[in-house]
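Notes for the one structure printed next.
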Amino acid sequence: MEKESKQFLKDLLIQCGPSGFEQTIQKVWINRTKKYADDIKKDVHGNAIAVLNPKADLKVMLAGHCDEIGFMITHVTSEGHLYFIPIGGIDSGVVPGSQVKILTKSGLVDGIIGKKAIHMMEVQERRELIPLKKLFIDIGAKDKKDALKTVAIGDALCVAPNFLTLKNNTFSSKGCDNRTGAFVVSQVLKILHQQKSNLTVSGYSVSTVQEEDGLRGATTSAFGVAPHAAIAVDVGHATDTPDADKNRNGDITLGGGPILSKGPVINPVLGQLLIDTAQKKKVPYQMIGLGRPGGTDTGMIQLSRDGVATALVSVPNRYMHTAVEMCSFEDVKNTAELIAQTILSIKPKMNFIP
């Protein structure tokens, strides 16, 4: 991956933006993506929408959600500790011991999610998973009054940025789900811009919001764009770890290429076009079966207006919904290349009816 693209991916990953609080992420996304778009805007929900070749008759939409799982402050104790609720699907077992960033009106505030020391626990306590409702945040406040000088009820927070480059062209960070997807839909526009003379359709790249809280941004942005075809870009489960169930989730490896799918949410024409393009352009890919629409933007986009031809392309990801998600730079690069080449192969009168 070229230097500028790799830096942009890192810049996205180090932002803090749980569902409904994606503003700083969108600023980073728009600032880069506008260089490759004919027009770019935000809608009332906060979706960032960039378009290339807008006058073409056939519209193809890409959706990569930029929000991450996180938390929201609900109560401040008399001692100055902060209780919170989850935003999105949180595994309470990986939360204790986390450093967090709180999004306040005055900027980011540091905090930690502590846990009773093992020395102070009874034997039974050591065996039990602590529920989220019993965890709290410590910002070093002396008392409630001191805490409320810095934070407020309703402030959102997320795990502190922790980007790492690892061996064999891999990286780890909180928020790979799904800043990698937001990166890819921007990167595709960059590739299409470089080959604009070969582009015969409208390319809409959308950094969607509130996916982790009900696929909401995809619902409204798809209605607004009204595409004929759409590809959602998300992360998918890599199963190349000792604890993964390949029988249920397929044999997916980091570095093995983007994940393509078959299933009810995948339009047969668009799905096959992705496979054919991967084979023609010699882009490595991996396949899984989706028996149900699943929890990605694809499900809502497919049902927009009178129906959209949809497909899902996923970046393999280890340890999803933890603070140490792990992906491959090569997979991210190949995901963008595959989607760009697929869009370049679409003709204005292409029929997606199965």
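Consider segment 114-171 and keep the residues that are among the basic types (Lys, Arg) and in contact with an Asp or Glu (Cβ under 8 Å, 6 or more places away or on another chain). The one that is farthest from LYS10 (Cα to Cα) is LYS144. Just one of the listed residues (LEU52, LEU58) is in contact with a Ser or Thr (Cβ under 9 Å, 6 or more places away or on another chain) and surrounded by 22 or more Cβ atoms within 10 Å (Cβ to Cβ), and it is LEU52.
Looking at PHE71, PHE84, which one is touching a helix residue (DSSP H, G or I) at 6+ places or on another chain (Cβ under 8 Å), part of a strand (DSSP E or B) and open to solvent by less than 30 Å² (accessible area, probe 1.4 Å)? After ruling out the rest, the residue left standing is PHE84.
For (1) open to solvent by less than 10 Å² (accessible area, probe 1.4 Å); (2) at positive phi; (3) free of Cβ contacts under 8 Å to residues at least 12 places away in the same chain; (4) of a type in the set (A, V, I, L, M, F, W, C), each residue gets a yes or a no:
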site	(1), (2), (3), (4)
ASN317	yes, no, no, no
GLU325	yes, no, no, no
VAL332	yes, no, no, yes
PRO348	no, no, no, no
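Which residues, taken from segment 1-34, are out of contact with any Cys (no Cβ under 6 Å at 6 or more places or on another chain) and either of a type in the set (Ser, Thr, Tyr) or not in a helix (DSSP H, G or I) (or both)? MET1, GLU2, SER5, ILE14, GLN15, GLY17, SER19, GLY20, PHE21, THR24, THR33, listed by residue number.
So, of the residues in segment 113-167 that are among the β-branched types (Val, Ile, Thr) and over 14 Å from PHE71 (Cβ atoms), which turns out to be surrounded by the most Cβ atoms within 10 Å (Cβ to Cβ)? Only one residue tops the list, namely THR150.
Regarding segment 270-284, can at least one residue be identified that is more than 14 Å from HIS228 (Cα to Cα), modelled with pLDDT under 95 and either touching a helix residue (DSSP H, G or I) at 6+ places or on another chain (Cβ under 6 Å) or open to solvent by less than 10 Å² (accessible area, probe 1.4 Å) (or both)? Within segment 270-284, none of the residues are more than 14 Å from HIS228 (Cα to Cα), modelled with pLDDT under 95 and either touching a helix residue (DSSP H, G or I) at 6+ places or on another chain (Cβ under 6 Å) or open to solvent by less than 10 Å² (accessible area, probe 1.4 Å) (or both).
No other residue among THR208, THR253 is in contact (Cβ under 8 Å) with a residue 40 or more places away in the chain and either among the small types (Gly, Ala, Ser) or open to solvent by 10 Å² or more (accessible area, probe 1.4 Å) (or both) apart from THR253. Is there a residue being open to solvent by 10 Å² or more (accessible area, probe 1.4 Å), within 16 Å of VAL332 (Cβ to Cβ) and modelled with pLDDT of 95 or more anywhere in segment 178-186? Within segment 178-186 (the criterion being open to solvent by 10 Å² or more (accessible area, probe 1.4 Å), within 16 Å of VAL332 (Cβ to Cβ) and modelled with pLDDT of 95 or more), the answer is no, since none of the residues qualifies.
Exactly one of (1) assigned to a loop (DSSP other than H, G, I, E, B); (2) closer than 21 Å to ASN162 by Cβ is unmet by LEU103. Its number? LEU103 satisfies every listed condition except (1).
Counting only helices (runs of 4 or more DSSP H) that fall entirely inside segment 225-311 and contain at least 1 residues that are within 18 Å of the chain's Cα centre (by Cα), closer than 25 Å to THR322 by Cβ and not β-branched (Val, Ile, Thr), the qualifying elements are 297-302.
The values are calculated or read from the model by the stated rules, or taken from the named source; none is laboratory data. The model shown is predicted, which means the values in this text are computed figures rather than measured ones. Using ideal geometry, Cβ is built from the backbone for each residue, glycine included, and neighbour counts are taken over all protein chains shown. All accessible areas refer to the heavy atoms of the entire protein, side chains included, with ligands and DNA or RNA removed. Shrake-Rupley method; radii C 1.70, N 1.55, O 1.52, S 1.80 Å.
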